[in-house]
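Data block below; observations after.
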Amino acid sequence: QGHYRWRYDNGGENAFNAGTGDDGSVTIGTSKNINTDILGSNRSTNADGILKTVSSFGSSTGGTTLVVSSATGLTAGDEVFLVNLQGDSTNNGNVGNYEFLVISSISSNTLTFATTIQNLYGATTSNSDLTGQKVILQRVPQWTDVTINSGGRLSANEWNGTSGGIIVFRATGTVTINSG
């Protein structure tokens with residue numbers, strides 16, 4: 001079952017941000033997965049929207065670091081989407097919290113961001129306890145023009161109980177979906 005939500009904005013930030021276009025243009029004529037396929041014309045390794053599970057945060061509130069399952073495929077300068085996708089039956093007050101961040105540096109699996117993490121993603125009022133929480137981080141592709149031709153399909157990994165189900169990208173040019 002698929003649920004789609006199209007937003008022609010950047011999640012309520014102060015100014016519209018179409019991105020940088022650094023990943024180049026995208027033309028999709030078959031089924032492609034943003035989390036596993038190389039799509040941008042300027043990319044040669046690693047999926048455009050590579051997906052990571054968040055293991056821990058460097059601070060109980062705020063801070064500029066977090067640890068992911070693996071930093072492979074991420075680089076300094078990448079914009080990422082951080083979101084709490086699911087909590088447990090008791091701790092779910094921070095589900096749905098999200099923000100966009102820019103990676104300033106990477107050391108092993110620890111990511112440091114250019115700005116402070118603004119939201120809470122933990123089980124309670126702290127990011128120190130992730131019990132029952134499904135928090136993910138996904139690279140935000142920076143495309144120019146995006147064309148999905150007839151017969152083409154852009155998808156994400158299916159929700160597997162831990163992660164998946166998110167398509168997020170920025171486009172400096174046009175986004176065209178050709179049906180039929």
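The values are calculated or read from the model by the stated rules, or taken from the named source; none is laboratory data. None of the values given here were measured: they were computed from a predicted structure. Every residue, glycine as well, gets a Cβ built from its backbone with ideal geometry; the counts of neighbours run over all protein chains shown. With ligands, DNA and RNA removed, areas are computed over all heavy atoms of the protein, side chains included. Shrake-Rupley method; radii C 1.70, N 1.55, O 1.52, S 1.80 Å.
For the condition modelled with pLDDT of 95 or more, open to solvent by 60 Å² or more (accessible area, probe 1.4 Å) and more than 19 Å from the chain's Cα centre (by Cα), Ser179 does not qualify.
Among the residues making up segment 123-155, those that are within 16 Å of Thr65 (Cβ to Cβ) and over 18 Å from the mean Cα position of the chain (by Cα) are Ser126, Asn127, Ser128, Leu130.
Looking only at residues in segment 41-90 that are of a type in the set (D, E, K, R) and in a loop (DSSP other than H, G, I, E, B), which one is surrounded by the fewest Cβ atoms within 10 Å (Cβ to Cβ)?
Of all residues in segment 41-90, those of a type in the set (D, E, K, R) come to 43, 48, 52, 78-79, 88.
Restricting the remaining residues to those that are in a loop (DSSP other than H, G, I, E, B) gives 43, 48, 78, 88.
Values: Arg43: 18, Asp48: 25, Asp78: 19, Asp88: 12.
Going through the qualifying residues, I end up with Asp88.
A single member of Gly73, Gly19 is at pLDDT below 95 and either within 16 Å of Arg139 (Cβ to Cβ) or of a type in the set (D, E, K, R) (or both), and it is Gly19.
Could you go through segment 140-152 and let me know if any residue there is of a type in the set (Val, Ile, Thr), at pLDDT 95 or above and open to solvent by 50 Å² or more (accessible area, probe 1.4 Å). No: zero hits.
Close contacts from segment 61-81, counting a first residue that is of a type in the set (Asp, Glu) and a second that is open to solvent by 60 Å² or more (accessible area, probe 1.4 Å) and assigned to a strand (DSSP E or B), with Cβ to Cβ under 7 Å and a gap of 6+ residues or different chains, come to Glu79/Val102.
Inside segment 139-168, residues that are touching a Phe, Trp or Tyr at 6+ places or on another chain (Cβ under 7 Å) and aromatic (Phe, Trp, Tyr) make up a count of 1.
If you go through segment 167-176 and keep only what is open to solvent by 30 Å² or more (accessible area, probe 1.4 Å) and either in a loop (DSSP other than H, G, I, E, B) or in contact with a helix residue (DSSP H, G or I) (Cβ under 6 Å, 6 or more places away or on another chain) (or both), you end up with Ile167, Phe169, Thr172, Gly173, Thr174.
Can you name the residue in segment 124-166 that is of a type in the set (Asp, Glu) and in a loop (DSSP other than H, G, I, E, B) and, of all such residues, is nearest to Thr176 (Cα to Cα)? Step through it out loud before you land on a result.
Let us first name the residues in segment 124-166 that are of a type in the set (Asp, Glu), namely 129, 145, 158.
With the extra rule that they be in a loop (DSSP other than H, G, I, E, B), the set shrinks to 129, 158.
On the way: Asp129: 42, Glu158: 24 Å.
Filtering first and then ranking leaves Glu158.
Scanning segment 20-39 for residues that are surrounded by fewer than 17 Cβ atoms within 10 Å (Cβ to Cβ) and either touching a residue at least 12 places away in the same chain (Cβ under 8 Å) or closer than 12 Å to Asp145 by Cβ (or both) gives Thr20, Gly24, Thr27, Gly29, Thr30, Ser31, Thr36.
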